[in-house]
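Remarks on the structure that follows.
Any read-out appearing in this document is the output of simple, stated calculations on the displayed coordinates, not a laboratory observation. The structure displayed is predicted, hence computed values, not measured ones. Methodologically, a virtual Cβ is constructed for each residue, glycine included, from the backbone with ideal geometry; neighbour enumeration extends over all protein chains shown.
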Amino acid sequence: MKKEDTEDLTAKKELALKLIERLKEAYPDAGCTLDYDDAWKLLVSVRLAAQCTDARVNVVVEKLYEKYPDVDALAEADVDSIEEIVRPCGLGRSKARDISACMKILKEQYGGKVPDDFNALLKLPGVGRKSANLIMGDVFGKPAIVTDTHCIRLVNRMGLVDGVKEPKKVEMALWKLIPPEEGSDFCHRLVYHGRDICTARTKPHCEKCCVQDLCAKNGID
């Protein structure tokens, strides 16, 4: 690695540690905004959350679990019946198919349990890297980097990555900067910060930002 690349990596690691501490102070209790009390339910919710708000997903899954309360029931459910319930989340047909197929695999291959292996999760229908990382971090307490839209937007604005928008590339870059034990919570806090302060649909509220003095943009659009 070239000297300037080493210096850049060191500077970004130092920035990352400062951002982690500031966001901890601002959002001490930040966690997953999808409601779940079992691993398989988070698996369902994260699939429904694609192009849908977590708040809407939390409402819709109540009806889904009322009718299909466990993995076996959902695995045996008719896809059309699942689609009818999850339609308000958008992309109802594809999401219903994925949920049905996923629950069948959990039932047949894993005894109704969600595997705690990242690569095994990636093989489940409808599960990508973001979803697999969320499960690994929130359910199993393992190192995770969840690169949702808030994370990608904010780490670019803050200067941890430079113009990188592809989720996997952002994830790989952050693995080099964020201590493993901090990754999951850091990403949750970015979601809160992205919703409250560093917003996407309006001008960011930089005057209220707890990391304004650290941010590469520092109020500059």
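What is the P(r) of the range 39-138, as percent of Cα-Cα pairs per 10 Å bin from 0?
Percent of pairs per bin, in order: 17, 55, 28, 1.
Please state, as a whole number in µm²/s, the translational diffusion coefficient that the Stokes-Einstein equation yields for the chain at 25 °C and 0.890 mPa s, with Rh defined as the Kirkwood radius across alpha carbon pairs. Please list the in-between numbers first.
On the way: Rh = 18.5 Å.
Here the translational diffusion coefficient equals 133 µm²/s.
Using only the Cα atoms of the range 1-71, what semi-axes does the equivalent ellipsoid have when each is the square root of 5 times a gyration tensor eigenvalue? Give whole Å, largest first. The partial results should precede the final answer.
Values: eigenvalues 309, 45, 21 Å².
The three semi-axes for the range 1-71 are 39, 15, 10 Å.
Using DSSP to define loop residues, name the chymotrypsin sites (Phe, Trp or Tyr not before Pro) in the range 38-133 whose beta-carbon has at most 15 other beta-carbon atoms within 10 Å.
Passing sites in the range 38-133 are Y110.
Consider a paramagnetic label point 7 Å from the Cα of E166 along Cα→Cβ; state which residues of the range 110-133 have an amide N under 16 Å from it.
Answer for this model: 129-130.
Cysteines of the chain lacking any other cysteine beta carbon under 4.7 Å?
Those would be C32, C102, C151, C187, C198, C206, C209, C210, C215, since no other cysteine Cβ in the chain comes under 4.7 Å of theirs.
Given the -39500 (n - 2.57) contribution per DSSP H run of 4+ residues, what per-residue ellipticity at 222 nm results for the chain, rounded to the nearest 500 deg cm²/dmol? Intermediate values should be presented prior to the final figure.
Numbers: 11 runs with 128 residues, N = 221.
Computed mean residue ellipticity for the chain: -18000 deg cm²/dmol.
So, with +1 on the Cβ of K and R and -1 on the Cβ of D and E, and no other charges, what is the size of the charge dipole of the chain about its Cα centre, to the nearest 20 debye? All intermediate terms of the calculation are to be shown ahead of the outcome.
Numbers: 35 positive and 37 negative charges, 154 e Å.
Dipole of the chain, to the nearest 20 debye: 740 debye.
In the structure displayed, which of K2/K168; K104/K176; K12/K107 lie more than 32 Å apart, Cα to Cα? Write down the numbers at each step before the final one.
Numbers: K2/K168 24 Å; K104/K176 36 Å; K12/K107 44 Å.
Flagged as over cut-off: K104/K176; K12/K107.
Expressed in nm to one decimal, what extension gain is obtained for the pair S81 and E181 from 0.36 nm per residue of sequence separation less their Cα-Cα distance?
32.0 nm
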